[in-house]
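Some notes on the structure that comes next.
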Amino acid sequence: MWSRPHLLGIEGLDASEVGYLLDRAASFLGPMPKTDALHGRVIVNLFFESSTRTRTSFEIAGKKLGADVINVSPSTSSVSKGETLLDTIRNVEAMHADILVLRHASSGAPQFLAKHARSSIVNAGDGTHEHPTQALLDVLTMRKRLGDLKGCIVAICGDILHSRVARSNALLLGLLGANVRLTGPRTMLPREAARLGPTVTIMPTLSDAVEGADVVMMLRIQNERFSGAALPTTREYTKTFGLNTAMLGRAKPNALVMHPGPINRGVEITSAIADGGQSVILDQVAAGVAVRMAVLEAVGRTRGAA
Amino acid sequence: MIDALVFRRVRAIDPHAGLDAVVDVVVERGRITRVGRDAAHNVPESDRVRVFNGEGLWLLPGLIDLHAHVREPGYESKEDVTSALRAAAAGGFVDICAMPNTQPINDSKTITEFLVAKARAAGGTRLHPIGAITVGQEGERLTEMADLRDAGAVGLSDDGRCVTSSAVMRSALEYASMFDLPIIQHAEDHALTEGAQMHEGWVSTKLGLRGWPRVAEDVIVARDLMLAEYTNARYHLAHASTEGSVRLLHEAKSRGIRATAEVTPHHLLLTHENVLGYETACKVNPPLREAHDVDALRKALADGTIDCIATDHAPHGLLDKDCEFDRASPGMIGLEICLPLMMGLVNDGAFSLSRLIDSLTRAPARIVGLPPPEIRETAEANLILYDPQAEWTIEAAALRSKGKNTPFLGRAVRGRVLATIVTGRVIFEAEEQHAGSR
C-alpha cells in the first residue's frame, strides 16, 4: 500500500510500495477512459529544466485522473526575476496546488522542498540524482515483457556519472532482485559506482556488460561531454560504447533494448537497433503515462478530501 | 573599578609551563602576579577585587584562532567585527585572526587598519587581520605586504581561493619571508573542483552531487611543500582535510621544511556521511571527508604533524543555507563551540588535554608570531575560567554569532567557558556563573 505524501525518489521505498505502484500502473496500461480519481485537484508541473516527454506524460496522466493540470516553465516564471525556489513554491501553494511535479537542475531540490511544502512533491528528475518515475516506467516495461525480474541481468550503459536514470534504476532493479551492470567510459563513471544499488556490478567494457543480458539500456550521451577533457570524440564514443547489431548479439536472444530518450541516433545506438524488433523504446513512453497516473493517484489519495 | 582578579583553588593547567595543580591565581594590573597554593590568602577583601571560587573549575591559557571569517567589511548581515568578537570571547578566544575574503577584500593597508581600529573600539577579544596574498585574491599580483604588516597583518592568505600559479606562490613565499609573515594556503586545485559540492566518494555518487576529490588538496600541498623547501620560507596549510595532506606534511616536517598546518573541529568530528539528506549545514570547503581521513587528522594533531586547531568560523544567514544544496553557501560557525567539542575528543582519547591546549594557544601563537597566552607569574593575564563538568546543549538562540549555521545545533556537550580574561579584564562571563557541579 502507499501512504507517503511525496515521491522524492526510489531511495527509501520498500518492495511493497514499489509493488503497489507497479501493479496499479499495469492496470492503467493501454487506452484508458478518463476517471475522476483526482477530480478537483490541482497539479502544477514545475519544470525548471526543459522536457517534452516527461512533462507531457505527467500532464496527460493528471488529466486522465480528472485533475486540473497547469504547466509552469522557468521562462514564464518569476525565477528569471531572481525569486528563490522556495518562494516560487510558496506562491504556487498559496493558489491551492495539491501536487507539485518538480523537475529541477539541483540534486536534492525535491528533498529540500519537501521539508517546507504543504503540497505533495513528485520528483520528475532532480539534477544528477534521481528520476523515480522513469525507473518505474522502465521496470513496468521490463515486467510486461519478462515477467518477474528476479535474477534478470540489466546492463545500463553510458554516462553514469550524470545520469539520474541510472541511479533510480540501480535502486529499483536492486529492490526487485535484478542484477544491474553499469558500464561507460571511466570518465563517466562516478567514484564507488558499485554502491549505487544493492546488486550493481561495474563492467569495464560494453561487451562485458551486454554479454548474456536480458535488457540493454543505453543512456543518452550529452554533446557537451565532448567539449571538455572527459571524452575525445563522438566517433570514438560510438566505437567503444555505442550499441550496434554485433554488440547486441552478445546479449540474450530477444533481449530488450531500452533508452530513456531523447536518442542520439548513430551515437550511443544505431537507428537499426532503435527502430528494430528488440527495441521497446516507445513502450517505455507509453508506460510513462500509466506510471505517472499511478504515482499521482497514490500521492493524491494521501491528501484527504478535495 | 576592579584592580585585581583572584581565582581561588582553581585547577590551573598550562602544559608549556608544566603546570597542572590546584592553586590560587592572582591577577593585578593586567598581569598574573601570583600562582600557588594559598597565593591569594593575603589579598584583602575589597570591592576592587573580584574573587572567583575556582573549586571544580579549570583555569586555562586563553585560546587563539588562526582562522575566522568576521565578514566585515561587506557582509555585515552575516557577521561583523563586534558580533564575531563577542562570539570569540564566549568561546574562550583571546585572539582571533580575520581572513581577508571580505568585500572589498583585505588586500590593503586601508582595510587592515579599519579592522584593527574597529576591533580596538569593540574591546574584548583582540583581532589580527590576515592580508590577502594577491590583489583581489585573483592569484596574480602580490599585495603590498610590508604595508599590510605595518598596519597589523600577522599573516597572508587568499583563503577561499587557492594560489594556483606555482610562479605566484614561489614569489609570495619569498617575498613574505622578508617580513617573516606566513603564507597561509587554501589548498584546492580549482580545475579539479569545478562545480564541486561535497567530498567525492560514495555519498556524492549517491546524492548526484559534483565531487571535490581529495587529490585536489593533495596536489597543491605537495607542490607547496616543494616550493617551501626550495624558498626556505614559512608555509602554513589552512584547514587540512585529507589523509594525503597529513602524509605529505609528515614527510616534509621530518626533513625540516618550515611547514605548519591547522585542522578544523568539523574535520575532526564529521564525515561526508553527515551530508546525507542534503544537509546544507554540512556543506563546507574543504568538504567533510571519510572516516580514515578523520582518523589520520586526529592522529596528526595528536603527534604534532598538524600543529593547531583553527575554527574556520564561517557565519552565514539563514537563507544562505535554507535552499537547494548547490546554491547553499559553504561553511559553518565554530568560535563558540570549538572548545567543548574538542574536549569531547580528549575525553574520547583522541589526543591529550595538554596537546589540545597547546593546539589552541601556543601552537597558533607561534605561527602568526603572537605572544603565547600562559599561566605563570609576570605573564599578561589572558585566561579562561572553564567548568569541565557543565552540561549544556548547543542552541541557535544562545549563540552570539549572527550565524547560526552549524550541524552541531541540538548536540549535548560537556564543558563550558565561564569567563574569558584579556589583559586582566573580564571580557566575557557566562550568565549562569553557578552552572556546573561545584
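Read-outs throughout are calculated quantities, based only on the coordinates presented, and are distinct from any laboratory measurement. The structure displayed is predicted, hence computed values, not measured ones. Note: ideal-geometry Cβ built from the backbone for every residue, glycine included; neighbour counts use all protein chains shown.
Summary value for chain B: 19 percent relative contact order, contacts being C-alpha pairs under 8 angstrom separated by 6+ residues.
Mean residue ellipticity at 222 nm from the helices of the protein assembly as shown, using -39,500 (n - 2.57) per DSSP H segment of n ≥ 4 over the full residue count, to the nearest 500 deg cm²/dmol? Mind dumping the intermediate values first?
Working: 24 runs with 235 residues, N = 744.
So the helix-based figure for the protein assembly as shown works out to -9000 deg cm²/dmol.
Taking 1.002 mPa s as the viscosity and 20 °C as the temperature, the Stokes-Einstein diffusion coefficient of segment A:132-285 based on its alpha-carbon Kirkwood radius rounds to 142 µm²/s.
When each of the peptides B:308-316, B:246-254, B:181-189 is scored by how many other beta carbons lie within 10 Å of its residues on average, the order from highest to lowest is B:308-316, B:181-189, B:246-254. Counting Cβ atoms of other protein chains within 10 Å of each residue's Cβ and taking the mean over peptide B:205-217 gives 5. Look at where the Cα atoms of segment B:76-106 and of segment A:173-251 average out, and the two centres are 50 Å apart.
Could you tally the net charge around residue A:234, taking each other residue with its Cβ under 10 Å from the Cβ of residue A:234, Lys/Arg +1 and Asp/Glu -1? Provide the component values of the computation, followed by the final result.
Values: positive: A:225, A:235, A:239; negative: A:236, A:268.
It works out to a net charge of +1.
Add +1 for every Lys or Arg and -1 for every Asp or Glu among the other residues with Cβ under 14 Å from the Cβ of residue A:203, and state the total. Charge balance in the 14 Å sphere: +1.
Scalar couplings 3J(HN,Hα) for segment A:261-278, obtained by applying the Karplus form with A = 6.51, B = -1.76, C = 1.60 to θ = phi - 60°, are x, x, 7, 9, 4, x, 9, 7, 8, 7, 4, 4, 7, 4, 9, x, x, 8 Hz; x denotes Gly and Pro. Loop-located GluC sites (Glu not before Pro) across segment B:31-131 with a Cβ neighbour count of 14 or fewer within 10 Å are B:45, B:55, with loop assigned by DSSP. Each listed q (0.09 Å⁻¹) maps to a log10 I(q)/I(0) for the protein assembly as shown, found by the Debye formula over equal Cα scatterers with no solvent: -0.88.
Taken residue by residue and averaged, Cβ atoms of other chains lying within 10 Å of the Cβ of B:322-334 number 4. Per residue of A:129-137, other chain Cβ atoms within 10 Å of the residue Cβ number 1 on average.
Using packing as a proxy for protection, rank B:12-25, B:332-345 so that the peptide with the highest average count of other Cβ atoms within 10 Å comes first.
Details: B:12-25: 18.5, B:332-345: 23.9.
Descending packing order for the listed peptides: B:332-345, B:12-25.
For segment A:63-162, run through the GluC sites (Glu not before Pro) and keep only the ones in DSSP coil with at most 10 other Cβ atoms within 10 Å of their Cβ. Answer in residue order: no site qualifies. Extension gain for residue A:4 to residue A:84 (0.36 nm times residue separation, less C-alpha to C-alpha distance): 26.2 nm.
Could you compute the FRET efficiency for residue B:412 and residue B:147, with r as their C-beta to C-beta distance and R0 at 60 Å, rounded to 0.05? With a Förster radius of 60 Å, E is 0.80.
Magnitude of the Cβ-charge dipole of segment A:94-213, K/R +1 and D/E -1, about the Cα centre, nearest 20 debye? Don't skip to the end; give the middle numbers.
On the way: 13 positive and 9 negative charges, 30 e Å.
Its charge dipole is roughly 140 debye.
To the nearest 20 debye, what is the magnitude of the charge dipole of segment A:138-195 about its Cα centre, counting +1 on the Cβ of each Lys and Arg and -1 on the Cβ of each Asp and Glu? Don't skip to the answer; put the middle values down first.
Details: 10 positive and 4 negative charges, 8 e Å.
About 40 debye.
Please find the FRET efficiency linking residue A:272 to residue A:23, where r is the Cβ-Cβ separation and R0 is fixed at 30 Å, and quote it to the nearest 0.05. Don't skip to the answer; put the middle values down first.
Working: r = 35 Å, r/R0 = 1.16.
The computed FRET efficiency comes out at 0.30.
Computed from backbone phi with θ = phi - 60° and the Karplus coefficients 6.51, -1.76 and 1.60, the 3J(HN,Hα) list for segment B:2-17 is 9, 9, 9, 10, 10, 10, 9, 6, 9, 7, 8, 10, 9, x, 5, 7 Hz; x is used for glycine and proline. With contacts taken as Cα pairs under 8 Å at a separation of at least 6 residues, segment B:288-426 carries a relative contact order of 26 percent. Distance between the 7 Å Cα→Cβ label points at residue B:37 and residue A:230: 7.1 nm. Relative to the longest principal axis of the Cα atoms of chain A, the long axis of helix A:132-146 makes an angle of roughly 60 degrees.
Normalising the average separation of contacting C-alpha pairs (under 8 angstrom, six or more residues apart) by the number of residues puts the relative contact order of segment B:128-168 at 50 percent.
Which FRET efficiency, nearest 0.05, do residue B:230 and residue B:194 yield, Cβ-Cβ r, R0 35 Å?
Values: r = 29 Å, r/R0 = 0.82.
The computed FRET efficiency comes out at 0.75.
Extending 7 Å from Cα along the Cβ direction at residue B:167 and again at residue A:252 yields two label points whose distance is 6.2 nm.
The residue list B:275, B:94, B:311 was ranked by how far each Cα lies along the charge dipole of segment B:62-368 toward its positive end, using unit charges on Cβ atoms, and B:94 comes out on top.
Taking the Cα centre of segment A:178-306 as origin and charging only Cβ (+1 Lys, Arg; -1 Asp, Glu), how large is the dipole, in debye to the nearest 20? Mind showing how you got there, number by number?
Values: 14 positive and 10 negative charges, 56 e Å.
Using Cβ point charges on Lys, Arg, Asp and Glu, segment A:178-306 gives about 260 debye.
Please give the helix A:85-94 orientation as an angle from the longest Cα principal axis of chain A, in degrees from 0 to 90, rounded to the nearest 10. Tilt relative to chain A: about 40 degrees.
Among the trypsin sites (Lys or Arg not before Pro) within segment A:61-159, which fall in a DSSP loop and have no more than 14 other Cβ atoms within 10 Å of their own Cβ? Please list the in-between numbers first.
Details: sites: A:63, A:64, A:81, A:90, A:103, A:115, A:118, A:143, A:144, A:145, A:150; in loops: A:115, A:118, A:150.
Within segment A:61-159, the qualifying trypsin sites (Lys or Arg not before Pro) (loop, at most 14 other Cβ atoms within 10 Å) are A:115, A:118, A:150.
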